[in-house]
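Quick notes on the structure that follows.
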Amino acid sequence: SDPDLVARARAAKAALGERVFVLGHHYQRDEVIEFADVTGDSFKLARDAAGRPDAEFIVFCGVHFMAESADILTADSQKVILPDLAAGCSMADMARLGQVEDAWDAMAAAGIQGSIVPVTYMNSSADIKAFCGRNGGVVCTSSNADVALEWAFEQKADLEGGAKILFFPDQHLGRNTAVLKMGFSLDDCVVWDPRQPNGGLSVEELRDARMILWKGHCSVHGRFTADVIDELRAKHEGINILVHPECTHEVVLKADLVGSTEFIIKTIEAAEPGTSWAIGTELNLVKRLADAHPDKNIVFLDRNVCYCSTMNRIDLPHFVWAMESLVAGQVVNQITVDDDTERDALVALQRMLDLPG
Ligand code: 13P
Ligand code: SF4
């Protein structure tokens with residue numbers, strides 16, 4: 001990176017001292033991660049933000065929904081800053097509140113709304129989390145999706161036929177967790193497409209389903225394919241395939257291990273020297289793992305380069321600009337969630353933080 005920008009970032013951080021707390025998601029660029037006080041997946045970072053009530057500014061190097069969650073979980077006096085406002089998440093954008101409310105109404109019309117517990121992945125906007133809070137639901141992350149789904153099914157376990165889950169926005173995390181961790185079959189899952197009338201489903205399909213999966217996906221993890229896994233297995237004997245549960249069901253079925261970014265990191269740290277790994281997650285993280293573990297053979301599970309383009313929007317120039325603005329007494333790019341949304345979203349987030357484990 002540009003040495004002048006590095007020096008300016010260091011100087012701004014030193015000038016702000018304890019007033020600022022910098023969070024860095026594992027998919028951030030090296031040049032930004034260097035300045036993070038803590039790094040983590042979205043679950044760990046949400047907890048870390050809540051654990052620093054003394055910091056006046058939380059500079060969130062990640063994407064918009066993560067900064068919103070940090071704002072919800074921190075005190076009103078604390079200001080959360082996203083260095084580039086264009087750092088959104090295409091998956092989170094696939095579930096809009098209006099669409100979710102339309103689906104909810106359709107489920108009432110089909111006579112099944114009373115048996116549904118809504119569960120949203122952390123990768124969703126604050127108003128979707130608030131919808132879950134208002135309607136008896138919960139937030140989950142890729143680290144605790146199974147525990148959250150168990151909790152959700154228990155909420156209405158007494159109903160004849162059991163509870164149903166409406167899961168958004170990532171159909172893959174929902175399907176992979178239901179089928180591989182909870183013992184449901186693929187036939188128990190249906191996909192609700194918000195662009196089609198009645199989600200593209202008949203009333204019978206809705207009544208029979210146990211998992212109603214929102215038609216959303218991650219543009220990065222959705223790129224990994226089963227044929228590359230076959231190719232790598234043929235080329236490298238004994239290679240271990242390690243993927244994130246946002247990958248398609250087909251890819252996850254072919255993998256050896258599946259888990260959140262924190263799980264992926266811990267697995268590589270614990271791996272024996274000399275072992276081979278192909279990792280299916282965002283490329284900044286895979287490269288960092290390969291650099292940190294030269295004694296292990298680590299390759300990327302795709303023929304092409306595939307970064308998360310919105311995570312990558314937070315670069316050193318944006319970080320320096322946000323930090324120097326704070327030093328100058330100007331709060332730029334503050335992310336605030338309105339009070340009503342915050343109250344309801346906090347209910348769903350708190351249910352998640354209270355889950356066992
Ligand atoms: P986790 O950080 O929960 O593993 O999620 C991955 C992701 O895609 C974040 O945007
Ligand atoms: Fe969203 Fe996928 Fe990027 Fe994560 S990696 S921020 S889920 S688009």
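Points worth noting:
- Selection within segment 200-230 - part of a helix (DSSP H, G or I) and within 16 Å of ligand 2 (Cβ to nearest atom): His221, Gly222, Arg223
- Counting only strands (runs of 3 or more DSSP E) that sit wholly inside segment 103-182, those with at least 3 residues that are away from ligand 2 (no atom under 15 Å from the Cβ) and touching a residue at least 40 places away in the same chain (Cβ under 8 Å) are 116-121, 164-168.
- When residues of segment 98-127 are limited to those that are over 16 Å from Gly199 (Cβ atoms) and of a type in the set (Val, Ile, Thr), the one nearest to ligand 1 (Cβ to nearest atom): Thr120
- The residue that is nearest to Arg19 (Cα to Cα), counting only those in segment 66-102 that are more than 16 Å from ligand 2 (Cβ to nearest atom) and outside the structural domain of Val332 (by TED's automatic domain parsing), is Leu97.
- Selection within segment 307-331 - assigned to a loop (DSSP other than H, G, I, E, B) and crowded, with 17+ Cβ neighbours inside 10 Å: Cys308, Thr310, Ile314, Asp315
- Whichever residue in segment 281-303 is free of Cβ contacts under 8 Å to residues at least 24 places away in the same chain and within 16 Å of Cys247 (Cβ to Cβ) and, among such residues, is nearest to ligand 1 (Cβ to nearest atom): Val286
- Residue in segment 231-268 that is farthest from Leu283 (Cα to Cα), counting only those that are part of a helix (DSSP H, G or I) and of a type in the set (Ser, Thr, Tyr): Thr267
- Whichever residue in segment 280-302 is in a strand (DSSP E or B) and in contact with a Leu (Cβ under 9 Å, 6 or more places away or on another chain) and, among such residues, is surrounded by the most Cβ atoms within 10 Å (Cβ to Cβ): Gly280
- Considered as a group, the residues in segment 9-65 that are aromatic (Phe, Trp, Tyr) and away from ligand 2 (no atom under 14 Å from the Cβ) include one that is nearest to Leu85 (Cα to Cα), and that residue is Phe57.
- Within segment 1-36, the residues that satisfy the criterion of being within 20 Å of the chain's Cα centre (by Cα) and either surrounded by 21 or more Cβ atoms within 10 Å (Cβ to Cβ) or of a type outside the set (Val, Ile, Thr) (or both) are Val22, Leu23, Gly24, His25, His26, Tyr27, Gln28, Arg29, Asp30, Val32, Ala36.
- Residue in segment 81-97 that is within 13 Å of ligand 1 (Cβ to nearest atom), in a loop (DSSP other than H, G, I, E, B) and hydroxyl-bearing (Ser, Thr, Tyr) present: yes
- Candidate set from segment 259-279 (those that are away from ligand 1 (no atom under 16 Å from the Cβ) and crowded, with 21+ Cβ neighbours inside 10 Å); member that is nearest to Tyr27 (Cα to Cα): Ala278
The values are calculated or read from the model by the stated rules, or taken from the named source; none is laboratory data. Just so we're clear, the structure is a prediction, and the values are computed from it rather than from any experiment. Glycine also receives a Cβ, built like all others from the backbone with ideal geometry; neighbour counts cover every protein chain displayed.
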